[in-house]
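Worksheet: one structure, shown below.
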């Protein structure tokens, strides 16, 4: 025969079955009511760009950079920047435009550097840095 003590011992246990049912119901509820993130739609749009040439244009195959002894830089006979300017913004812009025009014309951008005998080495490095900023990699030296 069961005593009161045995009845209380059975009631002291905690059943997790109803708690698990509630947790799963809440999980299903939140999954169903959650707003799904809409993916970004593709908008077809054409942006303006440079026109590629079908056939190569007649462009000078090379640009000649003369470095004079006083630090003056001449690109095809025209002076650029001041002799003391280490970053040479005018030359860099011109070389960048030359590279872009050469790419559009489907010809390589080629630079020939002609330093005078008494030109400073730092000025030659400044010219090479300007070519690097303009992303011109075909550089040659003419040491006459």
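Summed over the stretch 92-117, the residues that are under 20 Å from residue 70 (Cβ atoms) and surrounded by 18 or more Cβ atoms within 10 Å (Cβ to Cβ) give a count of 2.
Any residue at all in the stretch 118-138 that's surrounded by fewer than 13 Cβ atoms within 10 Å (Cβ to Cβ), in contact with a strand residue (DSSP E or B) (Cβ under 7 Å, 6 or more places away or on another chain) and either modelled with pLDDT of 90 or more or assigned to a loop (DSSP other than H, G, I, E, B) (or both)? No. Taken together, the residues in the stretch 58-73 that are closer than 20 Å to residue 102 by Cα and either out of contact with any helix residue (DSSP H, G or I) (no Cβ under 8 Å at 6 or more places or on another chain) or modelled with pLDDT of 75 or more (or both) amount to 7. Inside the stretch 64-79, residues that are touching a residue at least 40 places away in the same chain (Cβ under 8 Å), surrounded by 14 or more Cβ atoms within 10 Å (Cβ to Cβ) and not in a strand (DSSP E or B) make up a count of 2. Looking only at residues that are in contact with a helix residue (DSSP H, G or I) (Cβ under 8 Å, 6 or more places away or on another chain) and part of a loop (DSSP other than H, G, I, E, B) in the stretch 99-117, which one is nearest to residue 140 (Cα to Cα)? Selected residue: 109. Under the condition of being at pLDDT 75 or above and assigned to a loop (DSSP other than H, G, I, E, B), the residues counted in the stretch 27-50 number 1.
The values are calculated or read from the model by the stated rules, or taken from the named source; none is laboratory data. This one's a predicted model, so the numbers in the text were calculated from it and none came from an experiment. Glycine also receives a Cβ, built like all others from the backbone with ideal geometry; neighbour counts cover every protein chain displayed.
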